[in-house]
1. Tell me, what is a quarter of the convex hull surface for the C-alpha atoms of the range 1-102, in nm² with one decimal?
2. Considering the chain, which cysteines have no disulfide-compatible partner, defined as another cysteine with its Cβ under 4.7 Å away?
3. Go through the range 163-169 residue by residue and turn each phi into a ³J(HN,Hα) via Karplus (6.51, -1.76, 1.60, θ = phi - 60°); whole Hz please, and just put x for glycine and proline.
4. Using alpha-carbon pairs under 8 Å, 6+ residues apart, how would you state the relative contact order of the range 128-224 in percent?
5. Taking the Cα centre of each part, how many Å lie between the range 162-213 and the range 320-388?
6. Set the Förster radius R0 to 51 Å, insert the Cβ-Cβ distance between I2 and R28 as r into 1/(1 + (r/R0)^6), and round the FRET efficiency to 0.05.
7. Once you put a point 7 Å from the Cα of M202 and another 7 Å from the Cα of D347, both along the Cβ direction, what distance in nm separates them?
8. If you place +1 on the Cβ of every Lys and Arg, -1 on the Cβ of every Asp and Glu, and leave all else neutral, what size is the dipole of the chain about its Cα centre, to the nearest 20 Debye?
Amino acid sequence: MIRDPYKLEQLLAEVRQFIKEECIPCEREVDQADEIPSHIVARMRSLGLFGHSIPEAYGGGGLTSEELCLVNMEVSQAATAFRARFGGNTGIASESLVVDGTEEQKQHYLPRLASGEITGCFALTEPGAGSDATALKTTAVRRGGDYVLNGLKCYITNAPIADLFTVFARTDPESRGAHGISAFLIEKGTSGLAVSLPYRKMGQHGSPVGEVILTDCSVPASSIVGEMENQGFRTAMKALNKQRINLAALCIGPAIRLLDEMVSRAASRQQFGQNIAEFQMIQQMIAQSNIEIHAARALLMETARKRDAGADVTMEASMCKFFASEMCGRVADRAVQVFGGGGYIADNAAELFYRDVRLFRLYEGTSQIHLINIAKRTMATAHEPSGS
Ligand SMILES: Cc1cc2nc3c(=O)[nH]c(=O)nc-3n(C[C@H](O)[C@H](O)[C@H](O)COP(=O)(O)OP(=O)(O)OC[C@H]3O[C@@H](n4cnc5c(N)ncnc54)[C@H](O)[C@@H]3O)c2cc1C
């Protein structure tokens, strides 16, 4: 749903200009320094990028799913680390609060997440609990009015720089699987909460990812999201459901950028006395990429509109995430091919994005996990009338 087309177009133009004029020119610097320059982060704050998905009542932009998809396809046309800097706040790191937080929790944290004053992170994964997140072992034991947490979270985006951690821990020791898990809001500086140094990664340099270590970390019971004990996994799934739509848009932006890069390279690189764009096998890679970008965008926008209309889009969100992330991987591979040997040398977007976008097929549900979800839902609804 687009509330005000004129206002949205202004927002998109502003974001497009920021990405093109300020982020893309310093992509290599960010890749090498493994850090987003502070003046760029300040600009992200002033543009309101940290709060697009947070309701207006708490200082955010209150964008609908459809609007957010359009913005996300713009912001992700620069190297992925830029979007990752604010993407947690306007996605997975605020969404648990948005969907299930108490009014007091929302008032306390959301305005500061929306402005970018604080950075949030979402800490679900553990060394023994990845695709099967319900196998998590972090414990939260009640002691009077407090909970004491112990455990280790790994691969957490923005953990090394986060001020607010949404940590999922088992509050019912007798429970198994998705039951008995609660979501805790823990602030940086809380005794017993520590973070590791950022990992060295294949790509997405400038987006710090690390571990969260909980050692007798004591927090009041009021830190549980919504003060709803044992409901944390449902909260996580609600947040991830929306995030899958966001992520699909964030896979389409890089593919659009890579297609542009492919076309320019093909139009300027000469071999056998002509531009390589004249060769039909190069044209095939360009055409296939454009078709797949169009298909991903069509699926995404339809899903976003259905979500805005109140439909349950759990299966469609998985389809969007699967299709867009796999599509982006194929486009990145073709971009390197069109660049030839140059595509393997670290001086162009094809090389940079090829490394960056590999992550999309792994996090927020691997491709295999999404296929399983889609298959289950397809089989469960096989005899329902189409369109349901
Ligand atoms: C850079 C980065 C950032 C991340 N950010 C966050 C974050 O902010 N917060 C957070 O909580 N997590 C985060 N993650 C974790 C991410 O969500 C997990 O890595 C992902 O869920 C996969 O889990 P795993 O790595 O343990 O792989 P595994 O679950 O061990 O999977 C290994 C392989 O087995 C396959 N597999 C597993 N189960 C099945 C099955 N049933 N059928 C078929 N195949 C299967 C998988 O598809 C995969 O190919 C991040 C990860 C990375 C790398």
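1. Over every viewing direction, the Cα hull of the range 1-102 projects on average to 6.6 nm².
2. When partners are defined as cysteine Cβ atoms under 4.7 Å apart, the chain leaves C23, C26, C69, C121, C154, C217, C320 without one.
3. Ordered by residue, 3J(HN,Hα) equals 9, 9, 10, 9, 10, 9, 9 Hz.
4. 34
5. With the range 162-213 and the range 320-388 each reduced to a Cα centre, they are spaced 26 Å.
6. Calculated transfer efficiency: 0.90.
7. Distance between label points: 2.5 nm.
8. With Lys and Arg at +1 and Asp and Glu at -1, about 540 debye.
Just so you know, all these numbers are worked out from the coordinates, no wet-lab data involved. Given the structure is predicted, the values throughout are model-derived calculations rather than measurements. Note that we place each Cβ from the backbone using ideal geometry, even for glycine, and neighbour counts take in every protein chain shown.
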